[in-house]
Amino acid sequence: MPDPLAHYLQTWALTEPELIAQTPTSRVFTVSHQGERLVLKLLTPIGVDDEQNGALALRLWDGRGAVRLIRQAIDAHLLEYASGEEVTPMVHRGDDEGAAVVIADVLNQLHAASPSVIPAEFTPLNVRFRTLFAYAPTDPLLGRGAQVAQELLASPREVRLLHGDMHHANIRHHPQRGWLAFDPKGVSGERTYDCANTLCNPPSAVALVHNEGRLLKIAGILAERMALDRGRLLNYTFAYACLSASWSLSIKNVEEAAYAFKVARIVEPHVTPQT
């Protein structure tokens, strides 16, 4: 079997590969092409199935709030490289609120660039939540999370092409173009959902994430900056935390499930009826 790295270095005229990340879905390299540093993502069999919607999302956004997809093959993506830092270090430097503003502004750009007719390939939120619905009978908190999710999904507002996995480590700074998102999941649904994961992050600042005052403050910043209903955002955060817990339970990751359950318990008292 030919080496995928050697194949795409030759096929796309790339040089100087440097491995920067390896995940279950891909191996990620920085490479050079005509004097410009880019990202080459080589997909594993899991990634071939998991990352196609994300690539389509990047193509539709066309650089508006996200890195550009330059070339694409079934098992490889060539991407613009945002060489600066992620948003996470802002939190650790004490600028949690500034980090929330960055995330809100990036999401505003992505949602504004959403096509008016969203292609059917993108995963709708009711499908995204199916693991939570499956686990709802196993735990009272998950049961309430599923109920809240169903209420939200029954009356969607401002349906857009969503990032689907927005958090501090999925935005990097580009020296010319500013803050840019990457690694979208390619999801469609109410734009409020895209903030929920942000409020469960970053896990490297667990004391902040599990602080009720912080959660409410950052929710307020996101809601104001994005012109969202704050109560609805808190409901989505509760539903998403329960979804995250159910995902962790499905792969028997007890530690990550406990992390998500704690977020859900913190936000649960702030859940309000939605019409």
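At-a-glance table
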| item | result |
| --- | --- |
| Selected residue [in contact with a helix residue (DSSP H, G or I) (Cβ under 7 Å, 6 or more places away or on another chain), outside any loop (DSSP other than H, G, I, E, B) and either of a type outside the set (Val, Ile, Thr) or at pLDDT 95 or above (or both)] from Ala223, Ala207 | Ala223 |
| Check on Arg59, basic (Lys, Arg), touching a residue at least 24 places away in the same chain (Cβ under 8 Å) and either under 30 Å from Ala227 (Cα atoms) or touching a Phe, Trp or Tyr at 6+ places or on another chain (Cβ under 9 Å) (or both) | no |
| Scan of the stretch 233-275 for residues that are within 17 Å of Arg128 (Cα to Cα), free of Cβ contacts under 8 Å to residues at least 40 places away in the same chain and β-branched (Val, Ile, Thr), ordered by number | Ile251 |
| The stretch 74-83 - residue that is surrounded by 14 or more Cβ atoms within 10 Å (Cβ to Cβ) and in contact with a His (Cβ under 9 Å, 6 or more places away or on another chain) and, of those, farthest from Val39 (Cα to Cα) | Ala76 |
| From Val127, Val159, Val117, residue being among the β-branched types (Val, Ile, Thr) and either touching a residue at least 12 places away in the same chain (Cβ under 8 Å) or in the same structural domain as Arg37 (by TED's automatic domain parsing) (or both) | Val159 |
| Residue in the stretch 81-92 that is in contact with a strand residue (DSSP E or B) (Cβ under 9 Å, 6 or more places away or on another chain), aliphatic (A, V, I, L, M), in contact (Cβ under 8 Å) with a residue 60 or more places away in the chain and not in a helix (DSSP H, G or I) present | yes |
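Listed here are the residues, each with its yes/no results for (1) surrounded by fewer than 19 Cβ atoms within 10 Å (Cβ to Cβ); (2) in the same structural domain as Phe182 (by TED's automatic domain parsing); (3) assigned to a loop (DSSP other than H, G, I, E, B).
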residue	(1), (2), (3)
Phe29	no, no, no
Arg37	yes, no, no
Leu42	no, no, no
Asn53	no, no, no
Gly63	yes, no, yes
Ala100	no, yes, no
Ile103	no, yes, no
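Condition check ((1) at positive phi; (2) buried (at least 20 other Cβ atoms within 10 Å of the Cβ); (3) touching a strand residue (DSSP E or B) at 6+ places or on another chain (Cβ under 9 Å); (4) among the small types (Gly, Ala, Ser)) across all residues:
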residue	(1), (2), (3), (4)
Val209	no, yes, no, no
Arg214	no, no, no, no
Gly220	no, no, no, yes
Arg230	no, no, no, no
Tyr236	no, yes, yes, no
Ala239	no, yes, no, yes
Leu243	no, yes, no, no
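The values are calculated or read from the model by the stated rules, or taken from the named source; none is laboratory data. Everything numeric here is computed off the predicted structure, so don't read it as measured data. When we count neighbours, we look across all protein chains shown, and the Cβ atoms used for this are built from the backbone with ideal geometry, even at glycine.
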